[in-house]
Amino acid sequence: MAQVVVRNVSKVHVSIKGEPLLALHGVSFQVEDNEFFSIVGPSGCGKTTLLNLLAGFEMPTRGELLVGGQTIREPGWPQAKAAARAGAA
């Protein structure tokens, strides 16, 4: 079973002017047991947004995130431990 699953995740923030800001669109990947992964890209491409979603600090606008087989709904120790085992820490 994959330790981290990101399936068709999109995140839209709302600007202070009330305009939608697309941070992530249709992101999908999975990390298997004992794999290491990193998130790289230019400034403003959504790296921090993705990490906040994986940590449970934010919820996706669309899609699904699982850590250790459990859907991420809020911050929690089980998610942090499973992400660390998968090399996300």
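Hey, what number do you get for the chain at 222 nm if only DSSP H runs of n ≥ 4 count, each worth -39500 (n - 2.57), divided across all residues, to the nearest 500?
Details: 2 runs with 18 residues, N = 89.
Value at 222 nm, helices only, nearest 500: -5500 deg cm²/dmol.
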Where is the GNM fluctuation largest for the chain (alpha-carbon springs, 10 angstrom cutoff): 27, 14, 67? 14
For region 4-85, what is the Kirkwood hydrodynamic radius in Å, using each pair of distinct C-alpha atoms? 13.2
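Since every read-out is calculated from the coordinates, none of them should be taken as a lab result. All figures in this text were calculated on a predicted structure; none of them were measured in a lab.
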